[in-house]
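Written out below as structure tokens is the structure these notes cover.
The values are calculated or read from the model by the stated rules, or taken from the named source; none is laboratory data. Model, not experiment: these values are computed from the prediction. Using ideal geometry, Cβ is built from the backbone for each residue, glycine included, and neighbour counts are taken over all protein chains shown. Ligands, DNA and RNA are excluded from the accessible area calculation, which covers all protein heavy atoms including side chains. Shrake-Rupley method; radii C 1.70, N 1.55, O 1.52, S 1.80 Å.
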Amino acid sequence: MTTPREQVDLTALNTLALPARSRYFARLDHSGQLPELLAFAAERELPLLVLGGGSNLILNGDWSGLTLHIALRGKRVSRIEGGALVSVAAGENWHELVRWCLEQGLHGLENLTLIPGTVGAAPIQNIGAYGVELADCLHSVRGWSLEQGCELELPASACALAYRDSIFKHSLRDRFLITEVTFKLRDVFTPVLAYPALASVFDGRSAPDALAVERAVRELRQSKLPDPAQLPNAGSFFKNPVIDVAHFARLRSLHPQIPSFDAPDGVKLPAAWLVDQCGWKGARRGHVGVHALQALVLIHYGGGSGGELLALAEAIARDVRSRFDITLELEPRVYAGR
Ligand code: FAD
Ligand code: NAP
């Protein structure tokens, strides 16, 4: 029997270092613990917080439920023609997985290097960076259905993966605990260099190998993104908004220099640019602020709270709404104390 601990401090378990205690807390080392832990929560009507690396959530006060810290470990490889299916336990570190795949000569994850967090959280928002997203190499997701009380396997096609989105944020939100993710990786490396910042690194040079691309992405990220260990943050605070073509035409007539990218259902705007235009880049309000190099990254300087950070986010979003008629959406999930 795994007995959850009580009143556990979560400050060191979220990359924003927001202070919060969890009423109950248990570490999940193997999926066999799940039935008893879920029964423990059900008997006491406790809400669940499934916690990976804590790099994409905002703790707004103490959590009165049960936190399950995902620590499942292990990998399995099965060869297929031209590559391999790699099944990875949800608690494995994402960046270490990317490096391990490189060492094995298995390709597809290079552009996703240095993203913090766990493997199990990657499908939740279909993690993406530098022109690649999880959807490009996801094979399937295995997990525990909290409704059906059994393990299920979902093929990638059933996960409704979209831009920073998936079924796990909608109909399966709080209903599916991911225990294992399977990737379809290739023996042959095909560089994806469409992303302008990455393309310019290799401009005019012959086709780079996988190690060179991974290193280039790592160096680009380190040059502009604050390390949460030094400056607590949760990466991008807002999603890049996608607006319709008519709205974009109106905005472009007012702001001819507005950057934009074609998206399947409209025009995608960089939220960082919108925030910067409203004068927020580098601003500080009390214990929280906006990073000086990347306007999408909100920082907790210490001594603050989730409420203070969310008030800053709301002030930024209000300015963007009144200037551009765009409602920014938070990317990290907020867990309100109850
Ligand atoms: P957590 O923060 O622990 O959890 C996030 C959400 O997923 C929560 O709702 C949680 O309940 C749920 N969850 C976690 N694990 C499971 C599970 N096993 N089963 C069910 N639900 C689960 N994201 C990108 O997409 N691209 C980037 O380039 C990127 N860069 C970042 C850079 C920095 C500096 C930081 C701090 C964050 C960045 N992120 C990026 C965001 C974040 O790293 C990713 O979203 C990551 O996948 C979150 O993993 P995590 O384990 O920390 O998740
Ligand atoms: P950037 O290069 O300054 O670009 C700003 C935004 O413009 C990015 O968010 C990106 O959208 C978009 N963009 C740029 N070129 C594009 C293209 N050719 N096609 C479509 N969209 C394009 O971004 P950055 O802040 O340095 O981040 C670099 C990459 O790392 C981005 O992919 C970003 O998503 C990722 N990242 C994500 C997080 C997070 O927490 N989610 C944190 C840090 C970095 P996309 O976001 O859709 O790529």
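Mean separation of Cα pairs under 8 Å and 6 or more residues apart, divided by the residue count, gives segment 251-309 a relative contact order of 20 percent. By definition, a body whose alpha carbon gyration tensor gives a ≥ b ≥ c is oblate when a/c is 1.5 or more and a/b is not larger than b/c, and segment 193-338 fits this oblate description.
What number results when the radius of gyration of the chain, computed over Cα atoms, is divided by 2.2 N^0.38 Å? Display every interim value, and only then the final one.
Numbers: Rg = 20.5 Å, N = 338, 2.2 N^0.38 = 20.1 Å.
For the chain, the normalised Cα radius of gyration is 1.02.
Could you work out the relative contact order of the chain, using alpha carbon pairs under 8 angstrom and six or more residues apart, expressed as a whole percent?
Values: 683 pairs, mean separation 59.5, N = 338.
Result for the chain is 18 percent.
Taking a ≥ b ≥ c as the square roots of the Cα gyration tensor eigenvalues, with a/c under 1.5 meaning rounded and otherwise prolate when a/b beats b/c, else oblate, which class fits segment 82-227?
Numbers: a/c = 2.21, a/b = 1.82, b/c = 1.21.
Since a/c reaches 1.5 and a/b is larger than b/c, the shape of segment 82-227 is classed as prolate.
With the contact rule set at Cα under 8 Å and sequence spacing of 6 or more, what percent relative contact order holds for segment 212-277? So the answer I get is 29 percent. In the chain, the calculated helix contribution to ellipticity at 222 nm averages -7000 deg cm²/dmol per residue, counting -39,500 (n - 2.57) for every DSSP H run with n ≥ 4.
The accessible surface of the chain, taken with every protein chain in place and a 1.4 Å probe, is 50 percent carbon and sulfur. Note on residue 203: accessible area is roughly 120 Å² with a 1.4 Å probe, heavy atoms of protein only.
Among the chymotrypsin sites (Phe, Trp or Tyr not before Pro) in segment 135-168, none is located in a DSSP loop while being surrounded by at most 10 other Cβ atoms within 10 Å of its own Cβ.
Distance between the 7 Å Cα→Cβ label points at residue 160 and residue 211: 4.3 nm.
If R₀ is 35 angstrom, what is the calculated FRET efficiency for the pair residue 301 and residue 222, using the beta carbon separation as r and rounding to 0.05? Computed FRET efficiency for residue 301 and residue 222: 0.95.
Within the chain, antiparallel bridges make up roughly 75 percent of the DSSP beta bridges whose residues both belong there.
Could you tell me the distance between the Cα centroids of segment 125-175 and segment 1-28, to the nearest Å? So the two Cα centres are separated by 25 Å.
Please return the longest range in the chain lying between exposed loop sites, taking GluC sites (Glu not before Pro), DSSP loop only, at most 15 other beta-carbon atoms within 10 Å, and leaving the sites out. Present the calculation step by step, with values, prior to reporting the outcome.
Numbers: sites that count: 45, 81, 147, 329.
Here the longest segment lacking exposed loop sites spans 148-328.
Just to be sure I understand: of the beta bridges DSSP finds with both ends in segment 5-70, what percent are antiparallel, rounded to 5?
Values: 4 of 14 bridges.
If I count the DSSP bridges inside segment 5-70, around 30 percent turn out antiparallel.
With the cut-off at under 14 Å, measuring from each backbone N in segment 105-130 to a point 7 Å along the Cα-to-Cβ line of residue 187 picks out 105-107. Each of 190, 2, 67 has its accessible area taken with a 1.4 Å probe; listed largest first, they run 190, 2, 67.
What accessible area per residue, rounded to a whole number of Å², is obtained for the chain using a probe radius of 1.4 Å? Could the numbers behind the result be given before it?
Working: 15640 Å² over 338 residues.
Each residue of the chain exposes 46 Å² on average to a 1.4 Å probe.
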